[in-house]
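Engineer: So that we are looking at the same thing, I have put the structure below in structure tokens.
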Amino acid sequence: MSPQLIYPLIGAGLFSLGLYGLIVHSHLLRKILAINIMGSGVFLILVALAKRSGEMPDPVPHAMVITGIVVAVSATALALAMMLKLHTETGRTDLPDDQQT
Amino acid sequence: MTIIDYLSIILIIIGAFFFLAGTLGLLRFPDIYTRLHALTKADNLGLGITIIGLMLQLESIMAVGKLLLIWLLVLLSGASVAHLIAKGAVQRKIRPWK
Amino acid sequence: MQMFYFAVAMFLLLTLIAGMWRIMRGPSTADRILAAQLFSTTSVAIILLLAQASDNSALQDIALVFALLAAVTAIAFVQRAWPAEEADNDNH
Amino acid sequence: MEISLLSTIFDVLLGLSLLGLAWSALATTDLFKAVLLFIAFGLLMALVWVRLNAPDVALAEAAIGAGITGALMLSALARLNSPHTGRAIASHTTDPEKDPSIQWWPFISLVLVFIGLAYSVFTFSPAFMGLQPDVYSQLVNSGVENPVTAVLLNFRGYDTLLEMLVLFVALLGVWSLGENPAVKTPFISPVLDTLSRLLTPVFILVAAYILWVGAHAPGGAFQAGSILGAAGILLLLSGWQLRKDTSSLFFRVLLLAGPLAFVALAAITLLIQGQLLEYPPAQAGLLILILETFATLSIGVTLAALFLGGFPWSKNRALK
């Protein structure tokens with residue numbers, strides 16, 4: 001198996017794992033981690049597929065992933081700040097269920 | 001294969017051995033202080049020897065300087081982090097293993 | 001030679017995977033940070049070996065950035081996240 | 001053994017450890033452990049990018065994964081546990097309501113998602129050129145030799161312009177949530193003080209080098225900006241503070257320098273060339289370098305400000 005096949009599979013696995021974590025966990029920090037793992041899976045698929053053009057990989061997906069990494073870190077910072085705000089205001093670290101409210 | 005090649009093979013194998021020793025120490029040593037010692041000493045030495053082995057293969061002085069800088073940076077931050085963690089562990093009264 | 005560099009890089013990857021056990025198990029938070037530190041030092045060596053194996057000197061810059069940033073996570077831990085009291089549950 | 005077999009084993013091992021790290025980061029109930037496993041995951045991702053011939057991506061991941069994400073998450077975790085909120089420390093480092101058993105419906109549907117994704121990946125044609133020939137044929141007109149930099153700053157310049165704005169909006173979002181928390185920095189060890197004094201110039205030097213080398217080798221504004229941001233985080237962690245009488249104007253200008261330079265250049269090229277961000281090939285190299293310099297400064301300051309986590313120039317704080 002070539003890296004063009006191994007890494008997209010791993011990326012698909014990471015995406016599914018992250019989505020599962022995002023659904024089942026209620027703690028917001030764990031949701032943020034899960035979204036980051038999903039993002040890494042997507043980046044992995046993009047870059048691995050860019051390698052299909054041979055020795056010189058397609059640079060466009062690389063550029064997209066670089067911007068993606070920087071956007072992901074800034075979105076993570078914003079999400080963490082919102083989680084901390086929720087925690088100082090209400091003392092909880094998860095979002096309320098619809099039934100409870 | 002020239003004599004230089006053999007020399008770098010020997011050096012890189014010694015370096016890899018130190019990495020193995022560092023990992024074994026991290027896994028097997030009984031408390032944080034001894035693990036700290038295994039990790040920062042063995043790994044930094046292993047990296048240094050590996051880097052010397054790789055330097056022998058390089059042609060440009062610039063690249064040699066870059067590898068040297070990498071090693072110095074790892075040494076500097078490794079030593080400082082080891083100090084900070086050991087000091088923090090002492091302040092938190094984590095008992096040393098007897 | 002290329003083969004040799006690759007084999008050593010693989011060996012280092014194996015020691016790194018073994019080091020994952022310390023992150024999983026702890027027992028203290030500081031132990032986990034130490035294992036993360038092991039990850040970054042070993043990654044520097046792996047990247048340098050891969051750089052030599054593929055004869056791509058640009059990869060050395062990645063190792064340089066790794067080496068430069070190796071300390072930041074550990075310092076963030078020591079300065080911010082280390083709990084003031086920690087259960088001493090090392091049961092060796 | 002052949003080299004291809006060896007590299008396949010290497011790839012499989014690396015990929016499986018990524019999956020293992022991600023799984024245990026999501027499965028553990030100890031939040032600290034989860035964050036650390038995620039940091040280790042980021043370090044391994046950088047190795048994957050090296051294996052996939054993507055050194056530019058590896059540089060960005062090394063700067064962000066090794067330095068910034070870890071520091072951000074650790075300091076958020078610390079604030080979650082801080083005694084100011086009146087909660088006991090232990091109650092939030094673990095996640096007590098987590099049920100360790102697998103929830104079957106999400107699990108089964110996610111297995112189906114995985115099978116679908118894997119199937120579509122397998123059915124892609126194994127050789128596909130994508131936009132690679134177009135990029136390489138136009139590279140001579142772009143002013144730089146590194147194709148990734150050419151795509152980021154020239155061919156798809158407006159993407160990067162909007163991305164700078166995304167960073168800026170994220171920072172505005174963080175600022176809108178309140179002023180920066182008073183972090184009680186513990187005693188600054190002289191070792192840490194010396195380390196930060198020694199490392200900061202090296203950080204700036206390496207950032208400048210990565211920025212410069214981006215024209216013909218892996219590197220560029222995002223990577224250099226992330227390194228600068230990490231330098232800022234190191235300084236903040238070592239207890240450095242702005243002097244009270246420092247004008248905030250300087251930092252506000254730095255924050256906006258990148259987006260403003262982009263917008264100005266976009267307007268000029270629109271007027272002269274008739275196309276947004278279409279540089280004349282003769283001056284393209286210089287224009288890209290100028291743009292990248294401003295972008296690097298803005299990205300660095302923005303990332304450090306995001307780490308600070310709140311509006312830093314509050315009026316009532318200044319009165320105290």
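Engineer: For region D:238-320, list the helices (runs of 4 or more DSSP H) that sit wholly inside it and hold at least 3 residues that are modelled with pLDDT of 85 or more, closer than 20 Å to D:Gly173 by Cβ and in contact with a Pro (Cβ under 8 Å, 6 or more places away or on another chain); which are they?
Structural biologist: none
Engineer: Moving to a separate point now. Determine whether B:Gly65 is open to solvent by 20 Å² or more (accessible area, probe 1.4 Å), small (Gly, Ala, Ser) and without any contact (Cβ under 8 Å) to a residue 12 or more places away in the chain.
Structural biologist: Yes.
Engineer: Pick out the one residue from C:Arg22, C:Arg80 that is more than 10 Å from chain B (Cβ to nearest Cβ), farther than 30 Å from B:Tyr6 by Cα and part of a helix (DSSP H, G or I).
Structural biologist: Only one candidate passes the filter, namely C:Arg80.
Engineer: Separate question: Pick out the one residue from D:Phe122, D:Phe203, D:Phe187 that is surrounded by fewer than 14 Cβ atoms within 10 Å (Cβ to Cβ), of a type in the set (Phe, Trp, Tyr) and within 30 Å of D:Ala231 (Cβ to Cβ).
Structural biologist: Of the residues listed, the single one that is surrounded by fewer than 14 Cβ atoms within 10 Å (Cβ to Cβ), of a type in the set (Phe, Trp, Tyr) and within 30 Å of D:Ala231 (Cβ to Cβ) is D:Phe187.
Engineer: Among the residues of region C:25-34, what is the count of those that are facing chain B (nearest Cβ under 7 Å) and either within 28 Å of C:Ser57 (Cα to Cα) or basic (Lys, Arg) (or both)?
Structural biologist: 0
Engineer: Here's a follow-up. Could you figure out which of (1) over 14 Å from C:Gln60 (Cβ atoms); (2) touching a Leu at 6+ places or on another chain (Cβ under 7 Å); (3) surrounded by fewer than 22 Cβ atoms within 10 Å (Cβ to Cβ) isn't true of B:Met55?
Structural biologist: That leaves (1) as the condition not met.
Engineer: Residues that are buried (at least 20 other Cβ atoms within 10 Å of the Cβ), under 19 Å from the mean Cα position of the chain (by Cα), of a type in the set (A, V, I, L, M) and within 17 Å of C:Leu68 (Cα to Cα): does region D:166-179 have at least one?
Structural biologist: No, the conditions are met nowhere in region D:166-179.
Engineer: C:Leu12 fails exactly one of the following numbered conditions: (1) open to solvent by 20 Å² or more (accessible area, probe 1.4 Å); (2) part of a helix (DSSP H, G or I). What is the number of that condition?
Structural biologist: Here C:Leu12 meets the rest and fails (1).
Engineer: Right, another one. Out of the residues in region D:20-79 meeting the condition of being more than 7 Å from every other protein chain (Cβ to nearest Cβ) and among the polar types (S, T, N, Q), tell me which one is least open to solvent (accessible area, probe 1.4 Å).
Structural biologist: D:Thr28
Engineer: Going by the conditions given, is A:Ala72 more than 7 Å from every other protein chain (Cβ to nearest Cβ) and either touching a helix residue (DSSP H, G or I) at 6+ places or on another chain (Cβ under 9 Å) or on the phi > 0 side of the Ramachandran plot (or both)?
Structural biologist: Against the criterion (more than 7 Å from every other protein chain (Cβ to nearest Cβ) and either touching a helix residue (DSSP H, G or I) at 6+ places or on another chain (Cβ under 9 Å) or on the phi > 0 side of the Ramachandran plot (or both)), A:Ala72 qualifies.
Engineer: For D:Leu211, all conditions in the list (1) at the interface with another protein chain (Cβ under 8 Å from one of its Cβ atoms); (2) in contact with a helix residue (DSSP H, G or I) (Cβ under 6 Å, 6 or more places away or on another chain); (3) open to solvent by 10 Å² or more (accessible area, probe 1.4 Å) hold save one; what is the number of the exception?
Structural biologist: Single failed check for D:Leu211: (1).
Engineer: Of all residues in region A:47-56, how many are touching a Pro at 6+ places or on another chain (Cβ under 9 Å) and surrounded by fewer than 24 Cβ atoms within 10 Å (Cβ to Cβ)?
Structural biologist: The total comes to 5.
Engineer: On to the next question. Got at least one residue in region D:185-200 being within 17 Å of D:Gly225 (Cα to Cα) and modelled with pLDDT of 90 or more?
Structural biologist: Yes, there is a match, as at least one residue in region D:185-200 is within 17 Å of D:Gly225 (Cα to Cα) and modelled with pLDDT of 90 or more.
Engineer: Given the conditions (1) surrounded by fewer than 17 Cβ atoms within 10 Å (Cβ to Cβ); (2) in a helix (DSSP H, G or I); (3) of a type outside the set (Ser, Thr, Tyr), which single one is not true for D:His216?
Structural biologist: Just one mismatch for D:His216, condition (2).
Engineer: Among (1) away from chain C (no Cβ under 11 Å); (2) within 23 Å of D:Leu59 (Cβ to Cβ); (3) among the aromatic types (Phe, Trp, Tyr), there is one condition D:Phe251 misses while meeting the rest; what is its number?
Structural biologist: (2)
The values are calculated or read from the model by the stated rules, or taken from the named source; none is laboratory data. Source: prediction; values computed, not measured. As a convention, Cβ positions derive from the backbone with ideal geometry for all residues, glycine included, and neighbour counts pool all protein chains shown. Side chains included, ligands, DNA and RNA excluded: accessible areas come from the protein's heavy atoms. Shrake-Rupley method; radii C 1.70, N 1.55, O 1.52, S 1.80 Å.
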